[in-house]
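S.K.: This is the structure I have questions about; it appears just below.
The values are calculated or read from the model by the stated rules, or taken from the named source; none is laboratory data. Quick caveat: nothing in here was measured; it's all calculated off a predicted structure. Cβ: placed from backbone, ideal geometry, glycine included. Neighbour counts: every protein chain shown. Keep in mind that these areas ignore ligands, DNA and RNA; they rest on the heavy atoms of the full protein, side chains included. Shrake-Rupley method; radii C 1.70, N 1.55, O 1.52, S 1.80 Å.
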Amino acid sequence: MFADTASESFGYKVDHAIIHKLSLTETAAKIFIHKNSLKTLGCGIVFFDSNKNAGLHMIGTIPEGRGLGIGTQMTMRLLKEVKARGCNYCVLNASEMGEPIYKKLGFQTYGELETYRILKAE
């Protein structure tokens, strides 16, 4: 369910096998989905390193679930895990769509990333 929801949320294929492998290691990562009675609408992952730092990843909402507060709810759930582990820092990479949510929750912009993709060689 997570891989399908993430794929629909982000517009690219998320590999089921990779998500399954992550789900087997609850000490390094925890995977969450947001589901209503009919459908999975959102997703998110929190990673923990050995230095008591955390990273939030793949927080997404499928198009029909957007504008319902699901991204905020998912982020808050992941942050609850971070606090429970007593982490020193929590970081994430935000899309333009997600940035306002994270700023409202107290995250501050630290820098910017550029995204690249490989085009078919001609």
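S.K.: Express in Å², to the nearest 10, the accessible area of M76 obtained by rolling a 1.4 Å probe over the protein heavy atoms while all chains stay in place.
M.R.: Rounded to the nearest 10, that gives 90 Å².
S.K.: Here's something else I'd like to know. Rounded to the nearest 20 Debye, what is the dipole magnitude of region 33-122 about its Cα centre when Lys and Arg each give +1 and Asp and Glu each give -1 at the C-beta?
M.R.: Charge dipole of region 33-122: 460 debye, to the nearest 20.
S.K.: Right, next: Region 17-122: which trypsin sites (Lys or Arg not before Pro) are DSSP loop and have at most 16 other beta-carbon atoms within 10 angstrom?
M.R.: Of the trypsin sites (Lys or Arg not before Pro), the ones in loops of region 17-122 whose Cβ has at most 16 other Cβ atoms within 10 Å are K39, K52, R66, R85, R117, K120.
S.K.: Determine how large the accessible area of S37 is when every protein chain is in place; take a 1.4 Å probe and give Å² rounded to the nearest 10.
M.R.: For S37, solvent-accessible area is about 110 Å².
S.K.: Also: Take the solvent-accessible surface of the protein heavy atoms, probe 1.4 Å, and return the percent of it on the chain that carbon and sulfur atoms account for.
M.R.: On the chain, the fraction of accessible area on carbon and sulfur atoms equals 54 percent.
S.K.: Collect residues whose amide H, placed 1.01 Å from N in the peptide plane, falls under 5 Å from the amide H of H34; neighbours closer than 5 in sequence don't count.
M.R.: L41, G42, C43
S.K.: Further, regarding this structure: How long are the three semi-axes of the equivalent ellipsoid for the chain, computed from the Cα gyration tensor as the root of 5 times each eigenvalue, in whole Å, largest first?
M.R.: 21, 19, 17
S.K.: Continuing with this model, one more query. Could you work out the per residue convex hull volume over the alpha carbons of region 50-90, in cubic angstrom?
M.R.: 56 Å³
S.K.: Would you kindly derive the ³J(HN,Hα) couplings of region 40-47 from the backbone phi angles with the Karplus curve 6.51 cos²θ - 1.76 cosθ + 1.60 (θ = phi - 60°), listing them in order in whole Hz, with x for Gly and Pro?
M.R.: 7, 10, x, 8, x, 10, 10, 10
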